[in-house]
Amino acid sequence: MNHHMTIHIPLSAQGIRLSTHLAEAGYPITADCGGRGKCGKCAVTVVSGSFSSTPDGKVPAIPDDSGKLLSCRVFCNGEAVILLPVSKGSGLTAPTERPSAAVPYEACGVALDIGTTTLAAALVHRTDGSILRTTSRLNPQKSFGADVMSRIQAVMENEAHLLTMQKLLLEDVRAMLEVLTDGHTVSHMTVAGNPTMLHLFCGISPVGMGTYPFTPVFTDTKVLSGKDLGLPADQIILLPSVSAFIGGDLTAGMIACDITNHAAPVLLVDMGTNGEMILYTGKDHGDKLYGTSTAAGPALEGAGISTGTGGVSGAVSSVVWNGVSLQYETVDHAPPIGICGSGLIDLVSLLLLRGIMDETGYLEEDPFPYAEKLTLTGEDIRAFQLAKSALRAGMEVLCETAGISPQDLSALYIAGGLGQYMRMDSAMQVGLLPDCPKQILQGVGNTALRGAAMALRDPAWVERITADARRCETVALNLSPSFSDKFMEYMLFPEVET
Ligand code: FES
């Protein structure tokens, strides 16, 4: 069920874009397309007052029949009252497990994973590495766009947004620490995140990563004092990045999967909006590391799909064919509100298997109804094809550069919630994964948080991945002719064997 927040727009916001005003004031507005007027997620309902289509207030903005306006397309024009939809689950999640009274907070550290979408943190006993408590919430910067590029663009447009985004983030991190530590100061905190999130966390401009040649201000491990950021931790360690698009979230994943301890080749992939991946050739196969990232788009995270949603309550998370019809399951068994990545992969694989969609992605029935009031369109399929093709081509080019075949992999670790929930058979069926033995596929969950937690227990890990991040060779997919060939090839779905 959707809730609404009533918001009063002050006179002082005159001439400011409504979405900018809401974001700067810290309201949980969603702006997936970063204010391009495409996603419709920033819509608000006007209760009283009016808005304008131009900053000078001369052209009135006309709400649609239900009184809604896209807040990214209009400017404040005097006092007004609006309703902002707030989805369930946007707040702090209930922390798991309370530490027993006997836990000495001096012996604990906090691991933090700053995801572009979600923040997750854990209270960790530093002696044995056990996770005592976890908490998560949505990244408050989502009001500046769903993906990394929109956040960078927000700073390019107005430098002041850097401090606003840092402030929003640190306020939420502070609140999460409060929940985890009951107000105690911890000695150490480790932070994993993609390079843009790490830059924003410490208030360093990410604009160098917004355009070619995509240069971050820093990639190495960074040690800060909690005082610098107003956080109750003596020392804050930012895990190292490899390049502008391969960050501390993936290097933390290297710790969690201990990838450089394998004798044979292993691949670690995070299937986010930027599919980030690191390949280790194995101790017995040259001991080399290669990394790359590929612009997959947000389809597998539920964004950019007409009825897409994150893995929240009511998201269709799995779809099966029971011999007669499609059957679906939703998160929390709640009434369906949309489809998330794992459900989408299942659905597309079934459409292919049932002959409702052909290998080119053409849908016989467009839009195709998959649940009450929910449909999938041909355009959604196109977004899905772009994502799966970019990811598959990226993985294959990385293997090719390292001189190995996907068949040689001894493990393919798929990080993130998607890896944990997607059905591997469906992922193979739609051609998302390279042609490798099925038994090597492993969904490994939030390896960024786990790796950051492991780094708290043993500082030797930080030294090891700092060195590994430095020696990891970045593969530029845009310069690889093989990537464009493979990308075209994998836009198609595999032929269905009859
Ligand atoms: S339509 Fe306004 S942010 Fe996407």
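For segment 52-68, backbone phi angles converted through the Karplus equation (6.51, -1.76, 1.60; θ = phi - 60°) give residue-by-residue couplings of 10, 7, 10, x, 7, x, 7, 10, x, 8, 9, x, 6, 4, 9, x, 9 Hz, Gly and Pro being listed as x.
The lysines within cross-link reach of Lys486, meaning a Cα-to-Cα straight distance under 22 Å and a gap of 8 or more places when in the same chain, are Lys388, Lys438. Between the amide H of Val81 and those of Ile9, Val47, Ser48, Gly49, distances stay under 5 Å, these residues lying 5 or more places away or on another chain, with hydrogens modeled in the peptide plane. Normalised per residue, the accessible area of segment 255-498 is 42 Å², obtained with a 1.4 Å probe and no contribution from ligands, DNA or RNA.
For the chain, hydrophobic long helices are taken as DSSP H runs at least 20 Å long by C-alpha position along their axis with mean Kyte-Doolittle hydropathy of -0.5 or more; these are 160-181, 378-402. Per-residue 3J(HN,Hα) values for segment 129-141, derived from phi via the Karplus relation 6.51 cos²θ - 1.76 cosθ + 1.60 with θ = phi - 60°, read x, 6, 8, 8, 7, 9, 8, 8, 7, 6, 5, x, 6 Hz in sequence order (x marks Gly and Pro).
The residues of segment 3-86 expose, per residue, 49 Å² of accessible area to a 1.4 Å probe.
Considering all C-alpha pairs of segment 255-498, those separated by over 24 Å amount to 46%. Kirkwood-type hydrodynamic radius, the chain: 23.6 Å, calculated from all non-identical alpha-carbon pairs. Under 5 Å from the amide H of Gly338 lie the amide H atoms of Val316, each residue being 5 or more positions distant or on a separate chain, with H modelled from the backbone and absent for Pro and chain starts. Solvent-accessible surface of segment 105-238, taken per residue with a 1.4 Å probe and all protein chains present: 36 Å². Between the amide H of Thr474 and those of Gly291, distances stay under 5 Å, these residues lying 5 or more places away or on another chain, with hydrogens modeled in the peptide plane.
In whole percent, and with a 1.4 Å probe on the protein chains, what portion of the accessible area of segment 199-267 is carbon and sulfur?
Looking at segment 199-267 in its full context, I get 55 percent from C and S.
Other residues whose C-beta falls under 10 angstrom from the C-beta of Thr447 contribute a net charge of -2, scoring Lys and Arg +1 and Asp and Glu -1.
Listed by chain and number, the lysines placed with their C-alpha closer than 20 angstrom to that of Lys222 are Lys167; residues fewer than eight positions away on the same chain are left out. Free of any trypsin sites (Lys or Arg not before Pro) that DSSP assigns to a loop and that have at most 15 other C-beta atoms within 10 Å, the longest stretch within the chain is 89-282.
Classify segment 426-496 as rounded, prolate or oblate from the Cα gyration tensor: take a ≥ b ≥ c as the square roots of its eigenvalues, call it rounded if a/c is under 1.5, otherwise prolate when a/b beats b/c and oblate if not. Oblate, since a/c reaches 1.5 and b/c is not below a/b.
Stokes-Einstein diffusion for segment 3-86 at 37 °C, viscosity 0.692 mPa s, with a Kirkwood radius from C-alpha pairs, works out to 266 µm²/s.
The values are calculated or read from the model by the stated rules, or taken from the named source; none is laboratory data. All of these numbers come straight from a predicted model, not from anything done at the bench. Using ideal geometry, Cβ is built from the backbone for each residue, glycine included, and neighbour counts are taken over all protein chains shown. Areas reflect the complete protein model, heavy atoms only, side chains present, ligands, DNA and RNA absent. Shrake-Rupley method; radii C 1.70, N 1.55, O 1.52, S 1.80 Å.
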